[in-house]
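In what follows, a single structure is set out as structure tokens and then discussed.
The values are calculated or read from the model by the stated rules, or taken from the named source; none is laboratory data. Here the structure is a predicted model, which is why all the values come from computation and not from measurement. All Cβ positions, even for glycine, are placed from backbone atoms using ideal geometry, and neighbour counts span all protein chains on display.
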Amino acid sequence: MPSGTKSLHFLLSALLTAISAALLGFAMSTNWSKTTMDCTGIGTNNGSAAITMGLFEGLLVRESCPSFGSQSEFLVFAELSSITKTPIILHGLCVCLLALCLLCSVLSILISFYNSVSNPYETFMGPIGVYVCSSTSACLSLLVLIIFALNITVTTMAEELVPSIETIASVLLTNKTSQMQVGYFLVIPYMVLSLGAILLIYLYEHTAYTHRREQERPTEDAPKEIMMY
């Protein structure tokens, strides 16, 4: 059986990872961005169009774009498939990376629980497994933040989605402004908690190593004459 200190550290690591996974699961189900654009149609007054996007569902709100206003819910992947390929590739990559993050978090939880009740060797079922899974989660989540922001701000995804969703012709969309929503920002605490799980295991490993060194020191410092007997 592992010591109480080891069990406590690994259980706390599993708890942090479980909280982070719950946050990420909620983030994947809510809105990630809102993009607003000025809309100009032929022979009409200026209006606006706003696209609120989650990972799987979105909402388009039009005001005088080009003539009347409306609200249209849409499936993100279905609409992205009808425009240029770059946005759907980047968006799909984000979703796949987030799924891998969840998988790594689940593996980290299982390994942490296993170490809290047993003493495995220094393999991927030990602290190394927690390091690998949690650090992978943190790195992939950071990559998602970068890719998603680039897809929203750099590509013409929003400008192409508006006429595609509503089948509007002869509309000019300008002055795009984008704001990240709660789903996007929840990835940040997920990443921090994943790193926190690593820190807990590292602190245990450092404490255990220091304790072992202190126990070995009296033998190392003993006179050679005593050690001969």
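Listing for the model above:
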{"quantity": "Options L193, L186, L199; residue that is assigned to a helix (DSSP H, G or I), without any contact (Cβ under 8 Å) to a residue 40 or more places away in the chain and not basic (K, R)", "calculated": "L199"}
{"quantity": "Selection from the stretch 60-94 of residues that are modelled with pLDDT of 90 or more, surrounded by 16 or more Cβ atoms within 10 Å (Cβ to Cβ) and in contact with a Phe, Trp or Tyr (Cβ under 9 Å, 6 or more places away or on another chain)", "calculated": "L60, V76, I88, L90, H91, C94"}
{"quantity": "Among residues of the stretch 120-159, those that are more than 15 Å from S33 (Cβ to Cβ) and assigned to a helix (DSSP H, G or I), counted", "calculated": "17"}
{"quantity": "Index of the failed condition, Q71 passing every other in (1) among the polar types (S, T, N, Q); (2) without any contact (Cβ under 8 Å) to a residue 60 or more places away in the chain; (3) within 30 Å of V132 (Cα to Cα)", "calculated": "(3)"}
{"quantity": "Any hit, the stretch 150-160, residues being surrounded by 15 or more Cβ atoms within 10 Å (Cβ to Cβ) and charged (D, E, K, R)", "calculated": "yes"}
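Conditions tested, residue by residue: (1) under 26 Å from the mean Cα position of the chain (by Cα); (2) modelled with pLDDT under 95; (3) more than 30 Å from L8 (Cα to Cα).
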| position | (1), (2), (3) |
| --- | --- |
| S118 | no, yes, no |
| M125 | yes, yes, no |
| I147 | yes, no, yes |
| V162 | no, yes, yes |
